[in-house]
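Novice: Structure below; questions to follow.
The values are calculated or read from the model by the stated rules, or taken from the named source; none is laboratory data. Bear in mind that the values here come from a model prediction, so they are computed numbers and not experimental data. Quick reminder, even Gly has a Cβ in these numbers, built from the backbone with ideal geometry, and neighbours come from all protein chains shown. Quick note on the areas: whole protein, heavy atoms, side chains included, nothing else; ligands and nucleic acids left out. Shrake-Rupley method; radii C 1.70, N 1.55, O 1.52, S 1.80 Å.
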Amino acid sequence: MYEMLLYLDGGNMINFKINGKDVVAQKGETILQVARKEGIYIPTMCYLEKTTPIGSCRLCVVEVEGYDAPILSCQSKPTDGIEVQTDSDELFKHRKNIMELYNVNHPLECGVCDKSGACDLQNKTLEFGLSCQSFTAKEQNRPKKDWGRIQYDESLCILCEKCVSTCNEAVGDDAIELHFGGYSSSIVPKGSETLDCTYCGECISVCPVGALISKDFKYTANAWELQKIPASCSHCSAGCEISYEVKHTSTEDQTQKIYRVTNDYEENTVCGAGRFGFDFGNSETKGDFSEAVEKLRNAKSIVFNSNITNEEAKILSEVSKKTGAKLVNREALNFQNFLKAFAVNAGESLYNGTLEDVADSNQVVVIGTKISTDNPAVRYALTQAFKRNRAFISYLHPVYDSLLQNTIRQFINYEVGTEEGVVALLVDTILENSELDLDIGYLSGETNVGEEELEQIAKISKRATKKTLVVGADLIAHPKAENIAKFLGLVQRTALWKVLIVPPETNSLGVAEICELSDEAVSPSVGYNMKADFVISALGGDFSVPALNQQEGTFVNLNREVVKTHVAVPFEGRNLNELANKVLGSDVENTIDYTKELFGTHFDDLEIFHLETEITSPKAEVSEVEDLPTFDGTLIYLSNPHLQFSPFTEKAISSEAPLLGSEQFAVAGKLSDGDEVEFEILGEKFRRKFQIDRNLRGVIALNPIFDMGLSAYSLSSNYRFQKAKIEKVK
Amino acid sequence: MKELEIRGSQNYVPVEIEDYPTSGWDKFTQVVKRTLKGELFVGLWVVFREMVKFDIHTLQYPEEVLPVSPRYRAVHKLLLLLESGSERCIGCGLCEKICIADCIRMDTKVDENSRKEVTEYSINLGRCIFCGYCAEVCPELAIVHGPRYENVSEQRAHFALKDDMLTPIDMLKAQKEYPGFGALSPNADELVKKTPLAY
């Protein structure tokens, strides 16, 4: 019915013919998109769905009746009544010619090339039956370039520019560009000698040949030997769909090992932690099983974090029901309370925004998160919103983020601690007739958010058709989180804005939905990947359990989807389910048997689905914004650098963990680059090298916590701005 | 005695086969005849005669082995480049892929010259069916079947490792180009399509 209505609408539909077949295009669709939708094949080498058409390969040429020259189907939109031919002798000859040109001086090293067997150039060369070369060009010296984790081999590059447009339009790093020079054109780092980017590796993923490859993977395995294990990335709440590619370790050692991680680059964009941080499996089998069972049975509290599957969370809550132990997970509890408060005014139990909503929006407001490192998937969605829809993106945070400088239009710097006031002002701005009783002068003064800036948001909001509000971890762990959540609930209720509350950890949403949580741990306590009296962990501890790439189970990602992950590498020891069986006196064979209890479907038959939200009658209760706190002195923001999220990513990727400050911060604290400093935050002692980051502004230093072992999780459950006294180590 | 049909140009000699005895008496006489004829001594005499004459026709294995045809497919060898002595194997993995018995395994890595290095290469001779596909698919003529056909082992899984198969560097001069399975055809040069090299 809906389709029919669209059809009758007429104005947006274009009727034309491809190869004699009647097809319909929606307004804005290109001929190639319609052809693909209809299952008509048009070869391409440079086309990427997620970016604007590049038009460098010219393989997608089609003939249109009445036109003399063939046109590029990837860029051309059809008009009513045209007749398109996708294949003819002339076109075939033309395409074959292009393929022949691609092969001029392409090194014949398929035998060793990493891409061999999964190479677009190989496939298309065979498809067009090229058996000899009639063109020639003088061979040039094209040395391989070393770009950190990435290697660029110019001689293999076919200059399709997929990498450039992905980096620019999907990722937003804008780190590489095409260096024009005719036959000696190449891809070069933009504005510097070597590559300086977030190392997401998406360029490796989209490269149709072996020109851009991962240096760690190079020459270790062939594409056809690797078995793809479908999984969801376990590092952040985006839960990106990835494949762990596994093979035996060596001739001698038959155990499976992950060689690389790949993604379906047309569907999603994966960050560097997901792509390179795969080697976090637990190979230890420490601890005595019966001791661990005893400890779990006698524990008064079970401390855990949200880097856990739904099934494990379910097991823990079953154990807690049986033994009466309290489940302690402060970060998930914060999130649970936040959602509860949010639901009061939203009239729905969950937020309604998704990553797709962000990417489709033409206005986005991001508040309370350093999104480029907290959740790169949201950042990529922001980039796409900006590139596709020229979205007006406002970024509200006390710390300036240079990674977003090309994406955001408006950076609003608010005072640390005043989030409640900022949210109140923001909500008042974006809701017309909000009827909120706010002392705007006071709030504006204390938060340092100018009224003109808010007016601009309001002005854009009137015009924008698709609007999304992205809410981050700073607000969830805020002392005034409850009132903040209530304010935000009002936004969702209007239905004009979508709200996306980014869960702070991988499965915070799942844990918040499944478990009854409490705050304080009592002795004797058992920690599941957390510090406690007895530690059950995949990272050392007293008893070893498998890591998340050694388990099957489900996560709930930030899109509120239940996604699955599978076993990529084996684990020799026992898991949580076996411990729980002893405690519960039950005989559940596999952890995934709990999937049926949770979602009513057996794990193997489970397909990705959205969590349902409960509709309630919305209220409009918000407390008055009381005096906003002021934070004086040295401020430190707990924030991990790119490629790092947790002790698990640290295990897989080694990187430095310096205290980063702006030049201004260095002057104020009388520090210079490279100084050893000591400070204490939330009872944890840090000893770090101080580094000046010229991209930073203001007087807030960034302190990573990913290298703090299991303490990292307890640190991240707090408000992320903390006062600290920094002392230089002599 | 039945007449045997003799076909073709082969010089077949029909063996004399007497008719089977039918009655009890015939059977009895056959047994007595066979027992008392002394044919055993005929055979013993022949052996003794030839022993004294030292006219020996059997192969003195293991001192002597039969020469095998170059197309015989026995235990594999890995060859070196004749000019430089470096390994021919580039680690492309095609032999591993094509092997229908799934008995080839290799480990590769990047070496210090940024080239692909084959660190280990093994063939499970217990599984190998000596089909010759690996030698045929090898683009570098690196893996070939050698003439060694002895496969005695104490275990079912009997491996040939890289060191066992690779031509020792001091034996490079003695390394022969392999004419058998997977070798270049005699007219290989004529089959090459030329690529224009204008410079």
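Novice: Using Cα centres only, tell me the gap between segment A:192-237 and segment A:421-452 in whole Å.
Specialist: 45
Novice: Can you pull out the trypsin sites (Lys or Arg not before Pro) in segment B:40-76 that DSSP calls coil and that have at most 12 other Cβ atoms within 10 Å? Show your work: numbers first, answer last.
Specialist: Working: sites: B:ARG49, B:LYS53, B:ARG71, B:ARG73; in loops: B:ARG71, B:ARG73.
Answer in residue order: B:ARG71.
Novice: Counting pairs on different chains as well as pairs 8 or more places apart, how many Lys pairs in segment A:224-354 have Cα atoms under 24 Å apart?
Specialist: Lysine pairs, 8 or more places apart or on different chains, close enough: 19.
Novice: Moving to a separate point now. If R0 is 35 Å, what FRET efficiency do you get for A:SER518 and A:ARG694 from their C-beta distance, rounded to 0.05? Walk me through the numbers before you get to the answer.
Specialist: Values: r = 45 Å, r/R0 = 1.27.
That gives a FRET efficiency of 0.20.
Novice: Measure off 7 Å from each Cα along the Cα-to-Cβ vector at B:LYS97 and A:ASP673, then give the distance between these two points in nanometres to one decimal.
Specialist: With each label point 7 Å from Cα toward Cβ, the separation is 4.8 nm.
Novice: Let me ask you something else. Compute accessible area for segment A:223-241 by itself and then with all protein chains, 1.4 Å probe, and report residues whose area falls by 40 Å² or more.
Specialist: A:TRP224
Novice: Could you calculate the contour length gain from A:LYS286 to A:GLU267, that is, 0.36 nm times the residue separation minus the distance between their Cα atoms, to one decimal place in nm? Spell out each step's value before the answer.
Specialist: On the way: separation 19, 0.36 × 19 = 6.84 nm, distance 3.98 nm.
Separation in residues times 0.36 nm, less the Cα-Cα distance, equals 2.9 nm.
Novice: Right, something else. How large is the accessible surface of A:CYS203 in square angstrom, using a 1.4 angstrom probe and rounding to the nearest 10?
Specialist: Probe radius 1.4 Å; accessible area of A:CYS203 about 20 Å².
Novice: What FRET efficiency comes out for A:ASP437 versus A:ARG390 if R0 is 25 angstrom and r is the Cβ-Cβ distance? Round to the nearest 0.05.
Specialist: Working: r = 36 Å, r/R0 = 1.43.
Working from the Cβ atoms, E equals 0.10.
Novice: Once fully extended, how much extra length lies between A:LYS77 and A:GLN140, figured as 0.36 nm per residue of separation less the alpha-carbon to alpha-carbon distance? Kindly include the intermediate steps, with their values, before the conclusion.
Specialist: Working: separation 63, 0.36 × 63 = 22.68 nm, distance 3.92 nm.
Full extension from A:LYS77 to A:GLN140 adds 18.8 nm.
Novice: Describe numerically, in nm with one decimal, the distance between label points set 7 Å from Cα along Cα→Cβ at A:ASN718 and at A:ASN123.
Specialist: A separation of 5.1 nm, rounded to one decimal place.
Novice: Can you list the residues, at least 5 places off or on another chain, whose amide H is less than 5 Å from the amide H of A:LEU327, using H built in the peptide plane?
Specialist: Residues meeting the amide H criterion: A:ILE302, A:SER518.
Novice: Students often forget the sequence filter, so: which aspartates and glutamates lie under 13 Å Cα-Cα from A:LYS689 once same-chain residues fewer than 8 apart are removed?
Specialist: Within reach: A:GLU656, A:ASP673, A:ASP675, A:GLU676, A:GLU678, A:GLU727.
Novice: Could you check the spin-label model distance between A:ARG297 and B:GLU154? Points 7 Å from the Cα along Cα→Cβ, value in nm.
Specialist: The answer from the label model is 4.8 nm.
Novice: Moving to a separate point now. Could you tell me the accessible area of A:HIS642 in Å² (1.4 Å probe, neighbours in place), rounded to the nearest ten?
Specialist: 70
Novice: On the protein heavy atoms, probe 1.4 angstrom, tell me the percent of accessible surface of chain A carried by carbon and sulfur. List each step's numbers first, then the result.
Specialist: Details: 14160 of 30560 Å².
Carbon and sulfur together cover 46 percent of it.
Novice: Taking the highest mean first, how do the peptides B:12-19, A:32-39, A:283-290 order by number of other beta carbon atoms within 10 angstrom per residue? Don't jump to the answer; show the numbers that get you there.
Specialist: Details: B:12-19: 8.1, A:32-39: 17.0, A:283-290: 13.5.
So the peptides B:12-19, A:32-39, A:283-290, ranked by packing, come out A:32-39, A:283-290, B:12-19.
Novice: On to the next question. Can you give me the convex hull volume of the Cα atoms of segment A:126-259, divided per residue and expressed in Å³? Walk me through the numbers before you get to the answer.
Specialist: Numbers: hull volume 23.2 nm³, N = 134.
Here the figure is 173 Å³ per residue.
Novice: Over the protein assembly as shown, with the other protein chains present, what is the accessible area per residue in square angstrom, probe 1.4 angstrom?
Specialist: That works out to 50 Å² per residue.
Novice: Same structure again: For segment A:261-278, take each phi angle, set θ = phi - 60°, evaluate the Karplus expression 6.51 cos²θ - 1.76 cosθ + 1.60, and give the result in whole Hz per residue in order, putting x for glycine and proline.
Specialist: Whole-Hz 3J(HN,Hα) from phi for segment A:261-278: 10, 10, 9, 7, 5, 6, 8, 9, 10, 9, 7, x, 5, x, 7, 9, x, 9.
Novice: On to the next question. Which value, in square angstrom to the nearest 100, describes the accessible area buried between chains A and B on both sides, using a 1.4 angstrom probe?
Specialist: Working: alone 31510 and 16510 Å², together 46140 Å².
Answer for the A-B pair: about 1900 Å² buried.
Novice: Have a look at A:ALA299, A:HIS602, A:GLN33 and report the one farthest towards the positive end of the charge dipole of chain A, computed about the Cα centre with Cβ charges (Lys/Arg +1, Asp/Glu -1).
Specialist: Of A:ALA299, A:HIS602, A:GLN33, it is A:GLN33.
Novice: Under 20 Å Cα-Cα from A:LYS93, which lysines qualify once same-chain neighbours fewer than 8 residues away are excluded?
Specialist: Straight-line reach from A:LYS93, under 20 Å: A:LYS124.
Novice: For segment B:13-143, what % of the accessible area comes from carbon and sulfur atoms, probe 1.4 Å? All intermediate terms of the calculation are to be shown ahead of the outcome.
Specialist: On the way: 5600 of 9430 Å².
Carbon and sulfur together cover 59 percent of it.
Novice: How would you rank A:488-500, B:132-144, highest first, on the average number of other Cβ atoms within 10 Å across their residues?
Specialist: On the way: A:488-500: 22.0, B:132-144: 20.0.
Result, highest mean first: A:488-500, B:132-144.
Novice: Continuing with the same structure: Can you check what the net charge comes to around A:ASN483, using other residues whose Cβ is under 11 Å from the Cβ of A:ASN483 (Lys, Arg +1; Asp, Glu -1)? List each step's numbers first, then the result.
Specialist: Details: positive: A:LYS480, A:LYS486; negative: A:GLU419, A:GLU420, A:GLU482, A:GLU621, A:GLU624, A:GLU626.
Net charge in that neighbourhood comes out at -4.
Novice: For the protein assembly as shown, state what percent of all Cα-Cα pairs lands in each successive 10 Å bin, counting from 0 Å until the bin that includes the largest distance.
Specialist: Per 10 Å bin, starting at 0, the Cα pair percentages come out as 2, 9, 16, 19, 18, 13, 9, 5, 3, 3, 2, 1, 0, 0.
Novice: Treat every Asp and Glu Cβ in segment A:286-395 as -1 and every Lys and Arg Cβ as +1, leave all other atoms uncharged, and give the resulting dipole magnitude about the Cα centre to the nearest 20 debye. Could you put the intermediate results ahead of the total?
Specialist: Working: 15 positive and 12 negative charges, 52 e Å.
Dipole of segment A:286-395, to the nearest 20 debye: 240 debye.
Novice: What's the tally of Lys pairs in segment B:76-199 whose alpha-carbon atoms lie under 24 angstrom apart, where the two lysines are 8 or more places apart or on different chains?
Specialist: So the count of such lysine pairs works out to 13.
Novice: Taking only DSSP H segments of four or more residues, each worth -39500 (n - 2.57), what value at 222 nm results for chain A once the sum is divided by all its residues, to the nearest 500 deg cm²/dmol?
Specialist: Helix contribution divided over all residues of chain A: -8000 deg cm²/dmol.
Novice: Within the set of other residues whose C-beta is less than 12 Å from the C-beta of A:LEU403, count the net charge using Lys and Arg as +1 and Asp and Glu as -1. Each step should come with its number before you reach the end.
Specialist: Working: positive: A:LYS370, A:ARG379; negative: A:ASP173, A:ASP174, A:ASP196, A:ASP374, A:ASP401, A:ASP693.
Its environment carries a net charge of -4.
Novice: Hey, with R₀ at 22 Å, roughly what FRET efficiency would B:LEU81 and B:ASN113 work out to, going by the Cβ-Cβ distance, to 0.05? Let's see the in-between values first.
Specialist: Values: r = 15 Å, r/R0 = 0.69.
For R0 = 22 Å, the calculated efficiency reads 0.90.
Novice: A follow-up question, please. How many partner chain Cβ atoms sit within 10 Å of a residue's Cβ in peptide A:134-142, on average, as a whole number?
Specialist: Working: counts 2, 3, 5, 3, 3, 2, 0, 0, 0.
Averaged over the peptide's residues, the number is 2.
Novice: Further question on the same structure: Need the list of lysines near A:LYS685 for cross-linking: C-alpha distance under 25 angstrom, and skip anything on the same chain fewer than eight residues off.
Specialist: A:LYS370, A:LYS531, A:LYS651, A:LYS670, A:LYS723, A:LYS725, A:LYS728, A:LYS730
Novice: Could you point to the residue in A:PHE721, A:PHE679, A:ALA652 farthest towards the positive end of segment A:635-728's charge dipole, with +1 and -1 charges on the Cβ of Lys/Arg and Asp/Glu respectively?
Specialist: Positive-end residue among those listed: A:PHE721.
Novice: May I ask for the angle, rounded to the nearest 10°, between helix B:24-36 and the longest principal axis of chain B, with both axes built from Cα atoms and the value confined to 0 to 90°?
Specialist: 70
Novice: In whole Å, how far is the Cα centre of segment A:267-326 from that of segment A:557-606?
Specialist: Between the Cα centre of segment A:267-326 and that of segment A:557-606, the gap is 11 Å.
Novice: Sticking with this one: Going by amide H atoms built from the backbone, whose H comes under 5 Å of the H on B:LEU125, apart from near neighbours?
Specialist: Here B:HIS158, B:PHE159, B:ALA160 satisfy the definition.
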